[in-house]
Amino acid sequence: MKMSLAKLFLVLAVALMLTVPQVSMAKELNGDLEIFSWWAGDEGPALQALIKQYKDQNPNVNVIDATVTGGSGVNAKAVLKTRMLGNEPPDSFQVHSGQELIGTWVKADRMEDLTFLFKEQGWMDSFPAGLIKLIGTDKGIWSVPVTIHRSNVMWYIPANLKKWGVTAPKTWADFLKIAPKLQKEGIVPLAMAENWTVNHLWESVALASLGADKWDALWAGKLRFDSPEVVKAWELFGKILKYTNKDASSLSWQQATDMMIDGKAAFNIMGDWAAGYMSTTKKMAPGKDFGWATSPDTGGEFMFLSDSFGLPKGAPNRDNAIAWLKVLGSKKGSDTFNPLKGSISPRTDSDLSKYNAYLQSASADFGKDRVVGSLAHGVAANETFMGGFSQIMEMFLKTHNAKAVSMACQQLADKSKIGK
Amino acid sequence: MREASRDRLKAFLTLLPSIILIGVFVYGFIGNTIWISMTDWGGDGALALEPEMEFVGLANYSDLFTGFLSSGFRQDLVNAVYYSVMLLAGAIGLGMFIAILLDQKPKGEDLLRTIFLYPMSLSFIVSGTIWRWLLAPQGGVNVLPTYVGLPPLTFQWTSSTKAVLEFNWQNLLQIFLYIAAFALIIIGLWVLKTRPHRAVKLWLGPGVVIGLFAWLGGSLLPQALFMEETHGFNLATLGIIMATVWQYAGYTMALYLAGFNGISQDLRDAAMLDGASTTAYYRHIAIPMLKPITISAVIILSHISLKMFDIIFAMTGPDNAQTGHPALSMYMTTFRANDFARGAAIAIVLFMVAAMFIVPYVVSQYRQRTRG
């Protein structure tokens with residue numbers, strides 16, 4: 001009875017906000033706003049720029065920047081889970097859009113539907129319809145996307161390739177042709193790093209081998225993981241692994257990219273944060289000092305991942321959090337954040353003049369390519385599958401048994417209810 | 001009499017708060033973890049305010065030991081056993097050696113003692129980061145020989161994929177029988193001197209029978225898995241073991257040094273007067289006298305090795321089958337894959353392994369107390 005009364009008040013409050021937006025806009029916000037993210041290090045300044053923008057609009061709100069460091073949010077997610085289980089949610093938290101959010105927090109009924117915000121702000125038209133579909137379910141829209149990253153990109157140094165007399169391969173068959181030659185000269189054909197970057201490479205290879213339709217079918221539960229097509233993808237992956245560096249597991253992704261920059265390796269497949277690393281940290285000019293191509297056999301396909309923020313149920317400062325989400329989704333906020341972070345804006349109307357050459361090309365592709373979701377970065381599958389997949393990958397690295405891992409993947413898919 | 005019972009009451013009341021607190025916060029939570037490990041808490045709605053849980057008995061455990069998807073965990077468990085043995089041998093051996101050297105009262109003994117003990121004060125995450133850098137494939141230790149004009153080493157300290165001492169997990173039952181036979185025979189030999197009849201009947205006989213059965217009838221035993229799965233001592237763990245030994249040798253050194261200093265000088269003089277050499281003094285007098293110290297060092301170090309987490313996390317990261325450890329996979333299963341029940345089951349398995357070390361110790365201590 002008490003709960004339903006509280007819910008009623010919540011509905012009333014929402015209705016009130018929707019009917020009198022003018023009044024609520026005029027109201028001065030105060031109190032705290034706790035933002036939970038894993039954007040430290042290189043990404044810190046971009047987050048600070050957004051917080052500054054928020055502070056300009058809401059000077060009386062005290063922003064608490066609760067950042068937990070760690071690549072891909074490994075540590076942050078664990079901290080978040082203990083807090084949520086203890087019923088102490090932050091006001092707004094960072095999460096990868098897609099199944100990582102939906103399979104974890106939406107299925108657990110811990111998030112607020114943000115459809116009202118999308119309608120009120122006119123975001124239904126400013127975000128691509130395909131993207132809205134991937135971040136929502138039939139029950140609502142669950143997060144405000146802030147960035148779009150591309151995962152299927154192959155990086156190289158044009159000057160080095162010229163020196164070695166090779167060109168960036170368009171297909172994996174091409175790659176397998178030039179790789180032995182490079183290896184003979186003592187150059188690692190494809191630089192790779194620790195476990196998650198292996199998963200990252202796998203998704204590009206699997207997309208190449210399966211094609212976009214079958215890739216989508218896989219995650220919709222319509223194509224089995226132990227089917228011959230998927231086994232073939234694993235076999236191709238095994239062949240490619242032969243041309244990677246042996247010390248991969250002790251390198252970070254930056255060190256793998258460094259191998260390519262230093263001319264120890266020819267190519268590197270990594271998300272486009274590598275462009276941010278090379279242009280910002282290494283001061284290299286995109287298109288001149290470093291080059292890029294879509295990873296082999298995935299031309300016309302854009303494998304995406306996206307950082308987004310959601311609104312947990314029971315957020316202590318809900319109004320402040322909604323104001324924060326408005327900043328994130330706005331054109332100004334998006335164009336402030338993304339050029340600094342090295343990603344493109346999810347909005348269709350972003351101001352491209354603020355972005356560098358690489359990001360402009362990625363943005364153009366995002367508009368016209370077939371968009372598919374990334375596995376390694378949380379769009380395609382839920383966390384149960386992702387966690388298990390990392391272990392299966394270790395199994396493959398040890399045994400190179402394509403059939404056994406395909407069977408293991410299917411068992412894992414059944415267990416984590418992929419496509420159901 | 002009345003005075004005594006009032007004292008007892010007082011003592012009991014004073015202890016009561018800690019009994020209650022330990023009961024709730026230690027044993028209560030262990031009990032809760034055991035309960036969770038027997039449910040299916042995980043997957044979709046795992047993080048709901050009121051998650052749905054069903055009792056599934058020992059399914060999680062049988063899955064960990066025989067399930068197709070759990071080969072990662074089994075590798076981690078094997079790693080943990082090798083870690084423990086190597087860490088014990090390394091830290092105790094090296095610590096004792098340094099302690100014996102320092103016991104000769106060299107010049108600047110205090111300074112040396114401080115130097116050797118100092119690594120203990122670093123946190124694992126710090127020393128892990130330092131060692132990660134030292135053992136990097138193209139840097140640190142591997143380039144040392146180039147300073148004297150030799151070619152650099154190429155050993156991959158933390159990323160080698162080679163393994164030695166491999167065995168097949170399919171033969172789990174057979175391996176268990178071998179271990180059981182071995183333990184029985186060892187106990188039998190130990191008891192042989194005092195009660196020969198009992199030893200043969202209770203320990204040696206069954207041990208030999210089980211051992212023979214495992215040896216001859218091994219192929220008849222049911223296999224734990226339907227396909228071959230080998231695990232062994234991964235050479236990539238050498239780097240981590242080195243780092244841990246480096247950090248803990250100082251600790252055992254301090255323990256032994258305190259013990260050596262506690263042995264009276266008269267005893268040493270008497271031994272020397274009887275013509276004992278320094279080696280003989282340590283071998284026959286000093287080290288046997290420090291048996292309690294050795295035992296407690298073994299207990300403490302084996303616990304540390306079972307809880308090993310941060311140093312591995314810092315040196316090789318979370319997903320790395322070659323250097324994996326159950327403590328890491330427990331964290332990953334629970335907080336990344338949201339599989340709380342399985343994470344709890346891994347925790348209980350680790351808890352049991354730790355108990356295997358500590359329970360015999362506590363029991364033997366208790367017996368000595370009552371006998372004395």
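Rule-based calculations on the coordinates, nothing more; no lab input. Values in this document were obtained by computation on a predicted structure and should not be read as measured data. Here the Cβ is made from the backbone with ideal geometry for all residues, glycine too, and neighbour counts use every protein chain on show.
Pull up all non-local amide H partners of B:ALA136: gap of 5 or more, or a different chain, and H-to-H distance under 5 Å with H placed in the peptide plane.
Counting only residues 5 or more places away or on other chains, the set is B:VAL141.
Translational D (Stokes-Einstein, µm²/s) of the stretch A:359-409 at 25 °C and 0.890 mPa s when Rh comes from the Kirkwood sum over C-alpha pairs?
Answer, rounded: 188 µm²/s.
Search the structure for amide H atoms under 5 Å from the amide H of A:VAL153, placed 1.01 Å from N in the peptide plane, and list their residues when 5 or more places away or on another chain.
Close amide H contacts, sequence-distant or interchain: A:MET270, A:SER295.
How far is helix A:172-184 tilted, in degrees, relative to the longest principal axis of the Cα atoms in chain A, given as a value from 0 to 90 rounded to the nearest 10?
Between helix and principal axis, roughly 60 degrees.
Express the Stokes-Einstein translational diffusion coefficient of the stretch A:181-259 in µm² s⁻¹, to the nearest whole number, given a Kirkwood radius over alpha-carbon pairs, 4 °C and a viscosity of 1.567 mPa s.
The estimated diffusion coefficient comes to 95 µm²/s.
Rounded to the nearest Å, what's the spacing between the alpha carbon centres of the stretch B:159-192 and the stretch A:132-154? Just the number, please.
What the calculation gives is 52 Å, centre to centre.
Rank A:ILE64, A:LEU101, A:SER143 by how far each Cα sits towards the positive end of the charge dipole of the stretch A:29-143 (+1 on Lys, Arg Cβ; -1 on Asp, Glu Cβ) and give me just the farthest.
A:LEU101
Taking the alpha carbon gyration tensor of the stretch A:128-230, what are the square roots of 5 times its eigenvalues, largest first, to the nearest whole Å? Write down the numbers at each step before the final one.
On the way: eigenvalues 231, 68, 28 Å².
Working through the eigenvalues yields semi-axes of 34, 18, 12 Å.
Stretched out fully, how many nm does the piece from B:TYR361 to B:LEU220 gain, at 0.36 nm a residue minus the Cα gap?
47.1 nm
In terms of the ratio Rg/(2.2 N^0.38 Å) built on C-alpha atoms, what value belongs to chain A?
1.01
Based on the Kirkwood radius over alpha-carbon pairs, what value in µm²/s does the Stokes-Einstein equation return for the translational diffusion coefficient of the stretch B:127-258 at 4 °C and 1.567 mPa s?
Working: Rh = 19.1 Å.
Calculated translational D: 68 µm²/s.
May I ask you to list the lysines whose Cα is less than 16 Å away from that of A:LYS184, ignoring any residue fewer than eight positions away on the same chain?
Excluding near neighbours in sequence, the set is A:LYS163, A:LYS242, A:LYS246, A:LYS264.
In units of 2.2 N^0.38 Å, what is the alpha-carbon radius of gyration of the stretch A:277-420? Before the final figure, lay out each step's value.
Details: Rg = 19.3 Å, N = 144, 2.2 N^0.38 = 14.5 Å.
Cα Rg divided by the expected 2.2 N^0.38 Å: 1.33.
Looking at B:PRO51, B:ALA286, B:LEU150, which one has the Cα that reaches farthest to the positive end of the dipole of chain B (charges on Cβ: Lys, Arg +1; Asp, Glu -1)?
The residue sitting farthest along the positive end of the dipole is B:ALA286.
Given +1 on the Cβ of Lys and Arg, -1 on the Cβ of Asp and Glu, and no further charges, what dipole in debye does chain A carry about its Cα centre, rounded to the nearest 20?
So the dipole magnitude of chain A works out to roughly 640 debye.
In terms of the Cα gyration tensor, with a ≥ b ≥ c the square roots of its eigenvalues, is chain B rounded because a/c is under 1.5, prolate because a/b exceeds b/c, or oblate?
rounded
At 24 angstrom or more along the helix axis (alpha-carbon based) and mean Kyte-Doolittle of 1.6 or higher, what helices does chain B contain? Whole DSSP H runs only.
Numbers: long enough: B:2-22 (30 Å, 0.50); B:71-103 (47 Å, 1.25); B:172-191 (29 Å, 2.53); B:237-262 (37 Å, 0.88); B:340-371 (45 Å, 0.94).
The qualifying helices are B:172-191.
What is the log10 of I(q)/I(0) for the protein assembly as shown, computed with the Debye formula using one identical point scatterer on each Cα and no solvent, at q = 0.08 Å⁻¹?
Values, matching the q order: -0.81.
What is chain B's relative contact order, in percent, from Cα pairs under 8 angstrom and six or more apart in sequence? Can you show the working numbers first?
Working: 414 pairs, mean separation 108.2, N = 372.
The value is 29 percent.
Where a ≥ b ≥ c are the square roots of the eigenvalues of the C-alpha gyration tensor, would you call the stretch B:1-97 rounded, which needs a/c under 1.5, or, failing that, prolate if a/b is larger than b/c, or oblate?
It comes out oblate by the Cα gyration axes.
Compute a Gaussian network model of chain B, connecting alpha carbons closer than 10 Å, and tell me which residue from B:GLY31, B:GLY259, B:GLY149 fluctuates the most.
Maximum among the listed residues: B:GLY149.
Sequence neighbours fewer than 8 away in the same chain don't count; with that in mind, list the aspartates and glutamates whose C-alpha is under 13 Å from A:LYS415.
A:GLU383, B:ASP40, B:ASP44, B:ASP63, B:ASP339
Counting partner chain Cβ atoms within 10 Å of every residue's Cβ in B:153-160, what's the average? Before the final figure, lay out the partial values.
Details: counts 0, 2, 0, 4, 2, 3, 8, 4.
Across B:153-160, the average partner-chain Cβ count within 10 Å equals 3.
Just tell me which lysines come within less than 25 Å, Cα to Cα, of A:LYS55; anything on the same chain fewer than 8 places away is out.
Partners within reach: A:LYS27, A:LYS119, A:LYS313, A:LYS326, A:LYS331, A:LYS332, A:LYS341, A:LYS354.
Relative to the Cα centre, what is the charge dipole magnitude of the stretch B:70-127, using +1 at the beta carbon of each Lys and Arg, -1 at the beta carbon of each Asp and Glu, and rounding to the nearest 20 debye? Walk me through the numbers on the way to the answer.
Details: 4 positive and 4 negative charges, 9 e Å.
Using only the charged Cβ atoms, the result is roughly 40 debye.
For chain B, what is the calculated [θ] at 222 nm in deg cm²/dmol (nearest 500), taking -39500 (n - 2.57) for each run of four or more DSSP H residues and dividing by its residue count?
-20000 deg cm²/dmol
The stretch B:259-351: which trypsin sites (Lys or Arg not before Pro) are DSSP loop and have at most 15 other beta-carbon atoms within 10 angstrom?
Qualifying residues, ordered by number: B:LYS307.
With θ set to phi - 60°, apply the Karplus curve 6.51 cos²θ - 1.76 cosθ + 1.60 along the stretch A:127-144 and write out the HN-Hα couplings as whole Hz, x wherever there is a Gly or Pro.
Once θ is set to phi - 60°, the couplings for the stretch A:127-144 become 9, x, 4, x, 5, 4, 5, 6, 9, x, 10, 5, 9, x, 10, 10, 7, 9 Hz.
Taking square-rooted eigenvalues a ≥ b ≥ c of the alpha carbon gyration tensor, is the stretch B:193-247 rounded, prolate or oblate, where a/c under 1.5 means rounded and, failing that, a/b exceeding b/c means prolate?
Values: a/c = 5.42, a/b = 1.43, b/c = 3.79.
It is oblate, given that a/c is not under 1.5 and a/b is not larger than b/c.
Per 10 Å bin, what percent of the C-alpha pairs of the stretch B:247-344 does each bin hold, from zero upward?
In order of increasing distance, the bins hold 13, 29, 20, 16, 13, 7, 2 percent.
Could you state the angle between the C-alpha long axis of helix A:2-19 and the longest principal axis of the C-alpha atoms of chain A, as a value from 0 to 90 degrees rounded to the nearest 10?
90
Kindly express, to the nearest 10 degrees and within the range 0 to 90, the angle between helix A:195-210's C-alpha long axis and the longest C-alpha principal axis of chain A.
Between the helix axis and the principal axis of chain A, the angle is about 80 degrees.
What is the distance in Å between the Cα centroid of the stretch B:198-241 and that of the stretch A:365-401?
38
Would you pull out the residues with amide H under 5 Å of A:ALA191's amide H, same chain only if 5 or more places away, H placed 1.01 Å from N?
A:ALA266, A:PHE267, A:ASN268, A:ILE269
Starting at 0 and stepping by 10 Å, how many percent of the alpha carbon pairs of the stretch A:50-146 end up in each bin?
13, 39, 38, 10
Return the calculated 222 nm mean residue ellipticity for chain A, to the nearest 500 deg cm²/dmol, obtained by summing -39500 (n - 2.57) across DSSP H runs with n ≥ 4 and dividing by the residue count. Could you put the intermediate results ahead of the total?
Details: 19 runs with 204 residues, N = 420.
Helices in chain A give a 222 nm mean residue ellipticity of -14500 deg cm²/dmol.
Please compute, over every Cα-Cα pair in the stretch B:60-166, the percentage with a separation greater than 18 angstrom.
Percentage above 18 Å: 72.
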